[in-house]
Amino acid sequence: MDWDLSGAPWAIRLLELGAQVTLLDGLIPDLGANYFNIDPIKDRVDVVEADLGDRSMVDLQVKGKDLIFNIAMHSCHLRSMSDPLFDLQTNVFPQIHFLESLHHLNPQARVIYIGTRA
């Protein structure tokens, strides 16, 4: 299972249920990623520092996964209006790369997309 480090509550619960968890995070400055979020579980998860838009890295991570939680996005609607290009580069294009990786390498994987209120 892959997701942003801000998905730590999900990761903690899944570990309690016996899942093997991999966290994928681009650690983009100013978007809130912080290793403190996973401190209680850091020794029980695999952490991959990569941007969801890095197709070669995402290709490696989607292979063989049964379930993927997709929490990869920034959710500042104000910034998306003031800097729409940043919004496209961090939210839209990486999601397209992610979906292409799934399509070509693991089409049977189940994906749970976690949206935001923004």
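The values are calculated or read from the model by the stated rules, or taken from the named source; none is laboratory data. This structure is a prediction, so every number in the text was calculated from the model and none was measured. Neighbour counts are summed over all protein chains in view; Cβ atoms, including those assigned to glycine, are modelled from backbone coordinates with ideal geometry.
For segment 72-113, the candidate set comprises residues that are under 17 Å from Leu27 (Cα atoms) and of a type in the set (Ser, Thr, Tyr); within that set, the residue that is surrounded by the most Cβ atoms within 10 Å (Cβ to Cβ) is Thr90. Within this structure, Asp39 fails the test of being exposed (fewer than 15 other Cβ atoms within 10 Å of the Cβ), under 22 Å from Ile112 (Cβ atoms) and modelled with pLDDT of 85 or more.
Residues of segment 8-36 being touching a Pro at 6+ places or on another chain (Cβ under 9 Å), of a type in the set (A, V, I, L, M) and at pLDDT 80 or above, which ones? Step through it out loud before you land on a result.
Our first condition is that a residue be touching a Pro at 6+ places or on another chain (Cβ under 9 Å); within segment 8-36, this holds for 8, 12, 26.
Filter once more, so that each one left must be of a type in the set (A, V, I, L, M): 8, 12.
Within segment 8-36, Ile12 is the sole residue that qualifies.
The residues listed here are Gly115, Gly64; of these, the one that is outside any helix (DSSP H, G or I) and more than 19 Å from Gln20 (Cα to Cα) is Gly115.
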